[in-house]
Amino acid sequence: MKRIGTLGIVALICACLAAVPALAGNVVGKVTYAGAAPAPKPIPITKDKEVCSREPHVDESLVVAADKGLANVVVYIKDAPNAPKMAIPAKAPELDQRSCKFHPHVQIIPAGGTLDILNNDGILHNIHTYPKNNPPINQAQPKFKTKMPIKFDKPDTIKLACDVHTWMSGWLIVAPNAWYTVSGPDGTFKIENVAPGAYTLSYWQETLGTQTAQVTVAASGDVKADLTFPAKK
Amino acid sequence: MPAKNEEYARSVPLLNMVFALCSLGLLLGTLWMVWDDYYRSWRPVQRQFQALTAKHTEEALRQAEQAVNQEELKKIQEELQAVETRSKEKRKQLDELNEKRKRNTVRVYITDTNFKNTKSVFDAVRFAYEELAHQHSPRAAKKLEELHEVQKKLTEYKLANDQALTEQAEIKKQTEALVGDRAGLDMKRQDLLAAVDRLQKKLDAVAPKGLVMRAFEHVRNAPLLDFMAPDLKVQQVVLDNQNKDINFVTIPRVDRCQTCHLGADQAGYENDPQPFTTHPQQEIYLASKSPHPVDKVGCTVCHRGLDRATDFLDAAHWPDSPEQQAQWVKSHDWHPKEHETSPMLPSRFIESSCLPCHQGVVHIPDAKKWNHGKDLVERVGCYGCHKMKGFEGLRKAGPPLTRLTWKTDPQWAYPWIENPPAFRPATWMPRFFGLSNNSSPADVARTQQEIRGMVTYLFEKTEPGGFPKLPGTGDPPRGEKLVTSVGCLGCHAVARLEKSPPSLRRRFGPNLDGIGSKAKPEWIYAWVKDPKAYFPETRMPNMRLTDREALDITAYLETLKAPEGWKPGIAEADPKLQDELVKDQMRARMMEEEVEAKMASMSEHEKELYLGQRMITRYGCFGCHLIQGFETTPPIGTELSEEGSKEVDRLDFGFVHIPETRQDWITEKLKNPRIFDEGKVKSPDEKLKMPLFNLTPEEREAVVTVILSMVKEKPQMASTYLLDSRHKALEAGRRLVQEHNCQGCHLLDGEGQDIRVTIARQLMEEGLGEEEADSRAVAFSPPYITGEGARVRSDWLFRFLKDPTPIRPWLSVRMPTFGFTDEENNTLLKYFTALSQSDFPFETPPVQPFPPAEIAAGKKLTSTDYFNCFSCHQQGARKPEGDPSGWAPDLALARSRLRPAWIEDWIKDPQKLYPGTKMPSYFDPGSFETSGPDDVLGGDENKQIQAMRDYLLTLGSDRSGS
Ligand SMILES: [Cu+2]
């Protein structure tokens, strides 16, 4: 009898918590790279030169700013079973293959959502994915197919490539929840609306792998988390 | 006077007593007999099974009841109840309607009969009229009149019948309006409860309820009465086409196993304990539609044991593991059945029963362990010393030793023969020395002289000559790149490159470890350039290496040295011991004086040679190697062709305590081939000499499975698996595929492409993530060729197999030149077409000119504005932009190389034909109708694909691509 009573009270509290606007803080910070910034390596364009050379191509696998800020790092809260699902936006996120380059280089999309893959280059591209959990895709996108919507159901880290233009490289993060973000060109990031508590923060970069850090989020306001990748051997 | 009382020889009361006792004894004896005959161990087992079935049925019944839509059932029942109530209330009206209905039924019957009768008259008159009219007979007019008459009548009856039927419907409607639709509701209720009713009936049958029924059960199973219709009875299948040899006479098998194994052929007992468990893989075994239906194949053909037995011990069950044995001892007081020549096979060896019926195939479908064992027997070369049916005509398992000086030197050969795995742990060469019966100091001293003799013999009996000096020096890193990329690793392994143990197909060629300490660089160079020049029968193909490449590979292989601690060198000569050994050998063959005379006439070297020759004879080296002087010597081992039927008492278990079965003996023999010498006093020549093979316990079990499968008994033709011409073509091809290890590189017949792991490894070393490396490795490995017969034209394939040319520009791995004969080539062609179920052998390419408009559309679709095929595909001399690693096959070859139907299937959905191909999908199989461009050929995807196919077929000339 007593236990049922306690349970009832707990349930009631939960219900109240759900009803009122949740208490939440933000995780903000900057990712830096401890090693020397690599000189931007230009990529030789060997095919469809006219279209592909409309933009300069440099190796984007490790982009470090002058102040060591590291771009394109995916920062997320690990093991967060009560994190809210990432909302599926009304307008699908886009992946543009403009000038034979994936824009953006690293992108986070919600699981169960659709990605619009754009081809306005007027030439053939072919989107080739190397997923862990979703079915692989090797789909040609000729000139006449300017938009190709593809749905991604399962959380994943997916390498993107184009077999026509072998230098094209990008990443797609299919996020299971909303507590995912990607660092900007200066290495800064912000994960918003995180429920208070102690968490493990994971951060991943395509060539440097995954690192973790501990973070405690307060009921409101920002908690600062400055993250570093050790120099690559 | 004699007294009136008669005289008896014996006392009557006593005799009465004796008779009484005798009859009582007889009665008791009879009762005991009946009881003994009646009480069998299988009866309680069958009772248990009935209880189990009842339990399952009750469970299923409960589930079925739960599955019933109770709400709907309640509704129907309520409605039925309402119908009932209303019928009672409106009794009078209902009776009236019923009365009406009865009258109407009569009316319907009469009108219907009238109509039908008249219809047949009408048909007859019409026929008669038509005949007359056709003959222009004057009687036709009269007949027509008659016809009209009958037709009028027919119409009348039809009308009457219709009216009656309308009335019937009306009455039904009125009844329903009055009380409700009882029949419809009943039907609905039955539908709802169909599963429940069926299960209830089944339950009533297996577990009768009520006193009478239960009493009946007892009576019909009672002793003496059970001849009529007992439900407990011996279950048997008589297999008159599966005879059994019981010495001098063959009798049909009568399998009574299902007397206890009652659930074996029924689904639903998968999780029940034995003897009731459902036999696994019903789609293959026991089920009536499976290839092994129980009423044709039975049980003991595969499981062995005594077919007619109905008792656990009597059937000769045999445990599969010590745990099972302990359990059986507890539950059945198990012990080996005395004098049983064919006890059951422990389940781990069950696949040894497949072979008698599945003769003449390379692999037996689904018999994984047996297939593995067969591959191992071929690899280790058991057939070199033991004659084995089914392994005749195979090449010797080891390399020829007739040009040994060209390849290596005695300093290497001596320690190699003494202990092969010390030099190369993963070698297939077995070990003869340093084993349990020849390791004492005296044995070692003796065997050292024996090996010296063999080495001397082998290096003396060698063809003179050698290979020329290397034309330059190679670069080891470049050589390593070649070895890991051109395809060597499809058949060879190198320990330092491996992350996990290589598969059997990657152990097809010798492991390359230590090759640099073994072979001379000149030999390696000559060998990799042209293997057949040194060893015409080798399976190693020609990789078409340039001089530069061959030099680099040689330089790399030279870096693969012997393991640390391994030393080349030969044991000291011991002339005194050698003399003794030589004499021992001579004494067995000649008189003492002759021995002395012969010894006196021989030099030390001649004695060494003689000893070597004797030892090669003794150990049977020529079983696996071609050796001068032993070209025709018969093999030295026991024939194994009927080893699986060999009487156990003919196997010498010596003083070794293991279960006395064939499988235990053979397993032990493979584990330690000299073990049965333990405790015996033997001269060196009498000792066991089978060498120790480098096999894991799993591999040993697989080999034992194969040896056990070689039995004397031949099944009747009717039950063997006969090959039709398509399967014969398949098996002949599979034989060649096996002999050339095609599956080391290609995925074929659902198996193979073992080289892919090495390519994925390579890609990961180049920096790719695991998923990407695994995925890309599919495209960067040699192609899948299961569908080759549907893909390419036979004439093209014939030329390609003779002289391969690169098709896929992105591949570093090369299709080698195997040097197939015409016959082999044709066998492979037949195999590929049989595998794809395509037409054999040749077909004309489409010759009629295609409609120009279609070709124009096809050309447009392949252009940059549409599918842009030539962005990656070559077209004869026109090459795509970029690096050749990004190019795709030459479409100018399509006409001579590809089958038109395949081109169509390929464009439609390449991933379906070749999961993981580099070719992207243009049409979406999920939304095919909308996935092509809308402005060509009216947006019809099928027409678009055909147009592209036809356009591609116009490219190139007939003769290109040879
Ligand atoms: Cu592209």
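The values are calculated or read from the model by the stated rules, or taken from the named source; none is laboratory data. This one's a predicted model, so the numbers in the text were calculated from it and none came from an experiment. Because the Cβ atoms are built from the backbone with ideal geometry, glycine has one as well, and the counts that use them run over all protein chains shown. Note: accessible area is taken over every heavy atom of the protein model, side chains too, but ligands, DNA and RNA are not part of it. Shrake-Rupley method; radii C 1.70, N 1.55, O 1.52, S 1.80 Å.
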With the cut-off at 18 Å, tell me which of the pairs A:Lys145/B:Lys860; B:Lys244/B:Lys387; B:Lys860/B:Lys943 have Cα atoms farther apart than that. B:Lys244/B:Lys387
Using a 1.4 Å probe on the protein heavy atoms, what percent of the accessible area of the protein assembly as shown belongs to carbon and sulfur? 57
Leaving out ligands and nucleic acids, note down the accessible area per residue over the stretch B:76-201 with a 1.4 angstrom probe, in whole Å². 73
Could you give the accessible area per residue of the stretch B:562-628, probe 1.4 Å, as a whole number in Å²? 55
So B:Lys912 and B:Leu497, fully extended at 0.36 nm per residue minus their Cα-Cα distance, gain in nm 146.1 nm
Based on the Cβ-Cβ distance of B:Ala426 and A:Thr46, what FRET efficiency does E = 1/(1 + (r/R0)^6) give at R0 = 45 Å, to the nearest 0.05? 0.55
Only bridges with both residues in the protein assembly as shown count here: give the DSSP antiparallel percent, nearest 5. 75
In terms of modelled amide H atoms, which long-range or inter-chain residues lie less than 5 Å from the amide H of A:Asp222? A:Asn26
Would you grab the residues whose amide H sits under 5 Å from the one on B:Thr538? Only those 5+ places off in sequence or on another chain, please, with H modelled 1.01 Å from N. none
Comparing the chain by itself with all protein chains present, which residues of the stretch A:141-174 are at least 50 Å² less accessible (probe 1.4 Å)? A:Lys143, A:Phe144, A:Asp163
Looking at the stretch B:218-314, which trypsin sites (Lys or Arg not before Pro) are in a loop (DSSP not H, G, I, E or B) and have at most 13 other Cβ atoms within 10 Å? B:Lys289
Averaged across orientations, what area in nm² does the convex hull of the alpha carbons in the stretch B:725-835 project? 7.0
What does the accessible area per residue of the stretch B:254-399 come to in Å², with a 1.4 Å probe and no ligands, DNA or RNA counted? 49
Project the alpha carbons of the stretch A:118-209 onto their principal axes and report the range along each, largest first, in whole Å. 50, 29, 22
Need one number: the % of Cα-Cα pairs in the protein assembly as shown sitting beyond the 41 Å mark. 69
Run the numbers for B:Val106 and B:Gln48: contour at 0.36 nm per residue of separation, minus the present Cα-Cα distance, in nm. 15.2 nm
For the stretch B:237-344, just the Cα set please: Rg and Dmax, both in angstrom. 14.4, 43
Angle check, please: helix B:476-485 long axis (alpha carbons) against the longest principal axis of chain B (alpha carbons), in degrees 0 to 90, nearest 10. 20
Across the stretch B:462-535, how many lysine pairs, 8 or more positions apart or on different chains, have C-alpha atoms separated by under 20 Å? Please give the number. 10
Kindly express, to the nearest 10 degrees and within the range 0 to 90, the angle between helix B:91-134's C-alpha long axis and the longest C-alpha principal axis of chain B. 70
Simple spin-label estimate for B:Val212 and B:Glu770 in nanometres, 7 Å along Cα-Cβ: 7.1
Take the Cβ-Cβ distance between B:Ile284 and B:Met187 as r, set R0 to 30 Å, and report the resulting FRET efficiency rounded to the nearest 0.05. 0.15
Where A:Leu115, B:Leu26, B:Leu193 fall by accessible area, highest first, once all protein chains stay in place (1.4 Å): B:Leu26, B:Leu193, A:Leu115
Using amide H atoms built 1.01 Å from N in the peptide plane, name the residues 5+ places from B:Val792, or on other chains, whose amide H lies under 5 Å from its own. B:Arg899
Rule-of-thumb Rg ratio for the stretch B:529-614 [Cα; 2.2 N^0.38 Å; N residues]: 1.88
If eta is 1.567 mPa s and T is 4 °C, what Stokes-Einstein diffusion coefficient results for the stretch B:71-192, Kirkwood Rh from Cα pairs, in µm²/s? 72
Angle between chain B longest axis and helix B:12-38 axis [Cα atoms, degrees, rounded to 10]: 80
Of B:Lys407/B:Lys689; B:Lys92/B:Lys172; A:Lys30/A:Lys190, which pairs sit farther than 18 Å apart, going by alpha carbon to alpha carbon? B:Lys407/B:Lys689
Just to be sure I understand: of the beta bridges DSSP finds with both ends in chain A, what percent are antiparallel, rounded to 5? 75
Summarise the long-distance tail of P(r) for the stretch B:777-878 by giving the % of C-alpha pairs beyond 24 Å. 42
Accessible area buried, both sides summed, chains B and A with 1.4 Å probe, Å²: 2000
Given the pairs A:Lys91/A:Lys143; B:Lys100/B:Lys201; A:Lys143/B:Lys918; A:Lys68/A:Lys154; B:Lys461/B:Lys576; B:Lys337/B:Lys714, which are separated by over 28 angstrom at their Cα positions? B:Lys100/B:Lys201; A:Lys68/A:Lys154
Within straight-line cross-link reach of B:Lys119, lysines at Cα separation under 23 Å, skipping those fewer than 8 residues along the same chain: B:Lys142, B:Lys143, B:Lys152, B:Lys153, B:Lys158
HN-Hα J couplings of the stretch B:180-185 from phi, Karplus 6.51/-1.76/1.60, θ = phi - 60°, integer Hz, Gly and Pro as x? x, 8, 5, 4, x, 5
List, in order, the whole-Hz ³J(HN,Hα) value for each residue of the stretch A:209-221 obtained from phi through the Karplus relation with A = 6.51, B = -1.76, C = 1.60 and θ = phi - 60°; use x for Gly and Pro. x, 10, 10, 10, 8, 9, 8, 10, 9, 8, 5, 7, x
For the stretch B:404-587, convex hull of alpha carbons as volume per residue, Å³: 153
Could you give the nm distance between label points at A:Lys78 and B:Asp366, where each point is 7 Å from its Cα heading toward the beta carbon? 4.6
Compute the accessible area of each residue in the stretch A:23-68 twice, once for its chain alone and once with every protein chain present, using a 1.4 Å probe on heavy atoms, and list those whose area falls by at least 50 Å². A:Lys47
Quickly estimate the mean residue ellipticity at 222 nm for chain B, helices only: each DSSP H run with n ≥ 4 gives -39500 (n - 2.57), and the total goes over all residues, rounded to 500. -15500 deg cm²/dmol
Please state, as a whole number in µm²/s, the translational diffusion coefficient that the Stokes-Einstein equation yields for the stretch B:38-137 at 20 °C and 1.002 mPa s, with Rh defined as the Kirkwood radius across alpha carbon pairs. 100
Can you tell me what percent of all Cα-Cα pairs in the stretch B:161-201 are more than 16 Å apart? 55
Placing each pseudo-label 7 Å from Cα in the direction of the beta carbon, B:Ala597 and B:Leu394 end up separated by a distance in nanometres of 4.7
If I stretch the segment between B:Asp36 and B:Phe127 completely, what's the gain in nm (0.36 nm per residue apart, minus their alpha carbon distance), one decimal? 24.9 nm
Once the in-chain neighbours fewer than 8 apart are removed, the lysines whose Cα is under 25 Å from B:Lys830 read B:Lys374, B:Lys728, B:Lys802, B:Lys912
